[in-house]
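Right, one structure below, let's go through it.
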Amino acid sequence: QAPADRPVASLQVPVWGRGRGGLRGAHIYDVAEPERWLDLAALYGPNSRAMQLIGDSMYPWASSGTTIVYDLDRWPRKEQGCVVETKADGYYVKLFDHIDGEKLYVRELQPEERVVEFDLDDVVGVYAVQDRIDR
């Protein structure tokens, strides 16, 4: 479980104005402030978190600046994106491969595709990525 004092990115999206499509194109009704907010936390679930990816070790799957939404209660499938939380170094975004004995194996894609291993004794959690949102 992520520490309670760790900042969590907002999963709320502002709704700005209204639009309708027609034969002559879209008609936009702009407003000075959001009319309401969509709470995406309800869509993702109560134990979802979001973080921004830094670096390009996962390009083209995700690049620096991509927002990663992940679930503390879901285990990743093989080749699915995952967030690895470690005791010593923090958080990593990779592609899940497998666990064998006392090792977790994940893949990164740049500068060349390779398998990265973590000692399970150093791993706090492995969480499934639910969504990637480009900026």
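Before moving on, here are some points about what is shown:
- Averaged over residues, the count of other Cβ atoms within 10 Å places the peptides 61-67, 75-81 in the sequence 61-67, 75-81, highest first.
- Built amide H within the under 5 Å cut-off of Asp131, gap 5+: Val69
- Projecting the Cα atoms of Tyr105, Gln130, Phe118 onto the dipole axis of region 90-135, where Lys and Arg carry +1 and Asp and Glu carry -1 at the beta carbon, places Gln130 farthest toward the positive end.
Bear in mind that the values in this text are calculations on the coordinates, not laboratory data. Owing to the predicted nature of the structure, the values given are computational and were not obtained by experimental measurement. Every residue, glycine among them, receives a Cβ derived from its backbone with ideal geometry; neighbour counts consider all protein chains shown.
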